[in-house]
Each structure stands twice: as structure tokens, then as C-alpha cells.
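Read through the structure below, which is laid out as C-alpha cells, and then see the notes.
Computed from the coordinates by the stated procedures, all read-outs in this text should not be read as laboratory data. None of these values were measured; they are calculated from a predicted model. We place every Cβ from the backbone using ideal geometry, glycine too, and count neighbours over all the protein chains shown.
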Amino acid sequence: MNEQITIYGSGGNRAARVAWTADELGLEVSYRHYDGMIGSDELRRLHPQAKIPAMQVGDFVLFESAPICQHLCDITPGQRLLAPQGAKERSLHNQWVSFAQSEIEAYLWHSFQLGRLEIAKTETAAALALNRQLSGAGLDVLEQHLTDQQFILGEQFSLTDIIVGWTTNWSRKSGLLESRPALQSYLARLFDRPHVALTW
Ligand SMILES: N[C@@H](CCC(=O)N[C@@H](CS)C(=O)NCC(=O)O)C(=O)O
């Protein structure tokens, strides 16, 4: 691979998914991040909402953390993180990524946004409680799924764990894993990996 891969964003946010994927793949990428980058005109040229992460390779631009990670796997010969297009495992990967983002992460994100509002906590309490309940229902599915297997797709670590693991870790930070021991053990396994980019 001869074209420089530039990732916009770094740290424990969703850019961590991309950094972790690149490290697992042994890919050399460069990172661009500075105070004020989110929302900037420079970033808006890559991402219509000027959010992170985004990726640029020559004149090819991609945003959304999961597709960026998937692209990095797809362009890496011999990689073992993600099954090829058309394989059943690839569709299962898509299923769990979609599930984690829509049934768990969306509610965590909404609660985070409510926390940013300058209105009294009492005014957001009902919405926060509903978000806890709905994200909890998604987490219960993951908890059950991981009761008798090590990783999301079975016994082998995969890209699915990088993406869903990030959501699981945010759930932990949001106090949602206290009664979910299988997910706590799952996170411990992820934190044991040498390239882990999740933050405690
Ligand atoms: N679904 C997007 C979410 C992107 C996103 O919301 N990124 C956050 C950082 S984790 C961001 O840039 N937020 C800026 C803001 O909220 O103003 C992805 O997975 O990449």
C-alpha cells in the first residue's frame, strides 16, 4: 500500500475504533487532531457534520467509524479481523455492528446530548430513564450472547469486537454493566489485548 492513510481524530472517542483496527492490522496511518478540529471547515470537507473519525486516502474520503474500520480490513491482504464480502460471518458482523449502534449506542448518545443541555436534570429525567431502559434491553441481548462464548462472533477476536466493544465500554462508563457479568468479563478480555485502544 503506497498511499498515505490519514485519520482525523484520536483519543478515546469513536476514533479509537479506527486506531485499534489499524494497530491490529499493523497498518501505518497518520493522525490529525487539534483543538477545535471538530466542527471546523477543514473537517467539514471530509465529514458533512464535521465529526470524528474521518479518513482520507488520496482523494478518497470516508466517514463513520465502522465503515472506516471495515475499509482498512478490506484493503489489507491476508488480514484475519473481518470475513470477506459475501461470507456468512461478514453478514453476522454487519448484524452485530448495526445492533450495537442502533439498539445501544444511539440511546447512550442521546443521554450524552441531554447531559450537554443547560436544563434542569428533572426535565430530562424521564428521557434518561427511557434511554437506560432501551439501551439496557440491547445490552441484555449482548449479555446473553456472551454467556457461553468469548467474543461476539465466537471464540476468535474480530473487528466486530472492536466496534461492539467500544459501545460496551461506553455502557460500562455509563454505569450500565453493574448487573451484567458476562459483559464485564468480555470487556476484561478486550482490555487484555496488546493493541486495545479503549480507555478506562
Ligand atoms: N456514528 C458516527 C458518530 C460520530 C460522532 O458522533 N463522533 C463524535 C466523537 S465520538 C463527534 O465528533 N462529536 C462531535 C459533536 O458531538 O459535536 C461514527 O461512528 O463515526
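For this structure, a couple of remarks:
- Square roots of five times the Cα gyration tensor eigenvalues for region 5-74, Å: 18, 13, 10
- For region 23-77, GluC sites (Glu not before Pro) meeting the loop criterion (DSSP other than H, G, I, E, B) and having at most 10 other Cβ atoms within 10 Å: GLU28.
- Relative packing of 93-106, 184-197, which averages over residues the other C-beta atoms within 10 Å, highest first: 93-106, 184-197
- Stretch gain in nm, segment GLU3-ALA106, where the contour uses 0.36 nm per residue and the Cα spacing is subtracted: 33.7 nm
- Put the Cα centre of region 60-94 next to the Cα centre of region 108-127 and the gap is 34 Å.
- Beta bridge orientation in region 1-115: antiparallel %, DSSP, nearest 5: 75
- Reach of LYS173 by Cα under 21 Å, taken over lysines that are not fewer than 8 positions away in the same chain: LYS121
- Mean separation of Cα contacts under 8 Å (6+ apart) over length of the chain, as relative contact order %: 21
- SER40 paired with PHE191, simple spin-label distance in nm, labels 7 Å along Cα-to-beta-carbon: 3.3
- The calculated FRET efficiency for GLN144 paired with GLN85, based on their beta-carbon distance and R0 = 30 Å, is about 0.60.
- Magnitude of the charge dipole for the chain, about its Cα centre and with charges confined to Cβ atoms of Lys, Arg (+1) and Asp, Glu (-1), is about 260 debye.
- Region 106-200, relative contact order [Cα under 8 Å, separation at least 6], %: 25
- Across region 88-191, Cα-Cα pairs more than 15 Å apart make up 61 percent of the total.
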